[in-house]
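Below: the structure, in structure tokens.
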Amino acid sequence: MSPDLDRLIKLQHLDNQIADARQRIAAHPQRLADADARLNEAKAHVDAAKKRLAENHEAKRALEKEAAVYQGRLSKFKDQQAAVKTNREYQALGHEIETAQHELAAVEEKEIERMVEADGLTADVKQAEAELAARQKAIDQEKKELTAELQQVEGSLSDATTARATLIKELEPRLTTLFEMVARARRGLAVSMATRDGLCSQCHVRLRPHVFQQVRANDQIIQCDSCQRILYYVPPPPPIEQPIVRA
Ligand SMILES: [Zn+2]
């Protein structure tokens with residue numbers, strides 16, 4: 001292969017590496033933010049479960065106050081009943097006592113319902129907290145990996161940038177200019193492999209037979225007529241000899 005063509009292919013590889021590294025560096029803050037968002041989601045589940053439990057406690061306290069009111073009323077009626085002089089008054093208070101007892105029983109029933117509900121809500125809080133702890137652990141690990149990956153990508157970017165500068169020094173300025181002109185027009189891809197059936201692998205246009213013939217030699221700079229990319233060819237690997245299997 002001509003050294004110039006070889007350098008242009010290498011230049012393309014380095015540019016791909018640089019573009020990829022830049023993209024990954026640019027995506028890094030968003031990936032951290034995504035991890036934080038997933039953590040906040042788990043925190044919100046814990047908060048919501050705790051809020052439901054607190055509401056349950058509050059409702060239970062309100063019922064306890066209500067029960068105390070009925071109990072007070074009940075003991076007042078009982079005291080009054082002990083002090084009455086007539087049978088009629090005694091019976092009338094007996095009705096009041098019965099009503100207060102019914103009301104108290106109904107409130108106590110509701111209190112029990114709230115206590116049963118509290119058991120479920122407490123379990124919900126514990127489960128949400130366990131999920132938060134597990135997610136916190138996973139996300140801490142993920143962030144560590146993201147940081148390590150960022151460092152690796154930054155290293156790769158720095159290496160590729162240095163290698164590119166060295167390569168550019170070895171290239172004729174007119175080839176660098178050509179490469180960069182095509183790269184700008186073609187989303188960073190200035191080089192294209194010709195397929196074995198004679199197509200430009202990037203724009204998929206068929207090369208003219210004599211152009212394909214020249215491209216296959218890999219000894220000069222030839223641009224695709226259609227997309228202007230610099231063409232090269234990778235010959236097929238030599239056939240592997242199949243071992244003869246005897247029955
Ligand atoms: Zn093309």
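The values are calculated or read from the model by the stated rules, or taken from the named source; none is laboratory data. Quick caveat, the model's predicted, so the values are computed rather than measured. Methodologically, a virtual Cβ is constructed for each residue, glycine included, from the backbone with ideal geometry; neighbour enumeration extends over all protein chains shown. For the accessible areas, the whole protein counts, side chains as well, though only heavy atoms, and no ligand, DNA or RNA atoms are used. Shrake-Rupley method; radii C 1.70, N 1.55, O 1.52, S 1.80 Å.
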Quiz prompt | Segment GLU145-ARG187, length gained on full extension (0.36 nm per residue, minus Cα span) | solution = 12.1 nm
Quiz item: How big is the charge dipole of region 136-190 about its Cα centre, in debye rounded to the nearest 20, if each Lys and Arg gets +1 on its Cβ and each Asp and Glu gets -1 on its Cβ?
Solution: 280 debye
Quiz item: Ignoring ligands, DNA and RNA, what accessible area per residue does region 36-108 give at 1.4 Å, in Å²?
Solution: 70 Å²
Quiz prompt | Inter-site label distance for ARG52 and SER75 at 7 Å from Cα along Cβ, in nm | solution = 3.8 nm
Exercise. Take the alpha carbon atoms of region 129-247, find their radius of gyration, then divide it by 2.2 N^0.38 Å using N residues; give the quotient.
Key: 1.71
Quiz item: Between GLU64 and ASN40, what FRET efficiency follows from the Cβ-Cβ distance if R0 is 45 Å, with the result rounded to 0.05?
Solution: 0.80
Quiz item: What FRET efficiency would be calculated for the residue pair GLU154, HIS210, taking the C-beta separation as r and a Förster radius of 45 Å, to the nearest 0.05?
Solution: 0.45
Self-check item: Overall Cα dimensions of the chain, principal axis frame, Å, largest first
Solution: 128, 59, 34
Quiz item: Once the Cβ-Cβ distance between GLU113 and ALA133 is put in as r, and R0 is 30 Å, what FRET efficiency do you end up with, to the nearest 0.05?
Solution: 0.45
Quiz prompt | Low-density loop cleavage sites - trypsin sites (Lys or Arg not before Pro) in region 1-92, where at most 13 other Cβ are within 10 Å (DSSP) | solution = LYS85
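Any chance you could tell me what percent of the C-alpha pair distances in region 79-175 go past 23 Å?
Everything past 23 Å amounts to 71 percent.
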Quiz item: What part of the accessible area of the chain, given as a whole %, is carbon or sulfur when the probe is 1.4 angstrom?
Solution: 53 percent
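Only Lys, Arg, Asp and Glu count, each charged at its Cβ (+1, +1, -1, -1), so figure out the dipole size of the chain about its Cα centre, rounded to 20 debye.
In total the dipole reaches around 1040 debye.
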Practice problem: Count neighbours as other Cβ atoms within 10 Å of each site's Cβ, and list the trypsin sites (Lys or Arg not before Pro) in region 168-247 that are DSSP loop with at most 15 such neighbours. | Solution: ARG187, ARG196, ARG246
Exercise. Please work out the average accessible area per residue across region 168-247, using the 1.4 Å probe convention, and give it in Å².
Key: 71 Å²
Practice problem: Could I get the Rg over Rh figure for region 164-233? Both from C-alpha atoms, Rh via Kirkwood, rounded to two places. | Solution: 0.99
Quiz item: Got a sec? Charge dipole of the chain, +1 on Cβ for Lys and Arg, -1 for Asp and Glu; which of VAL116, PRO243, LEU167 is way out at the positive end?
Solution: LEU167
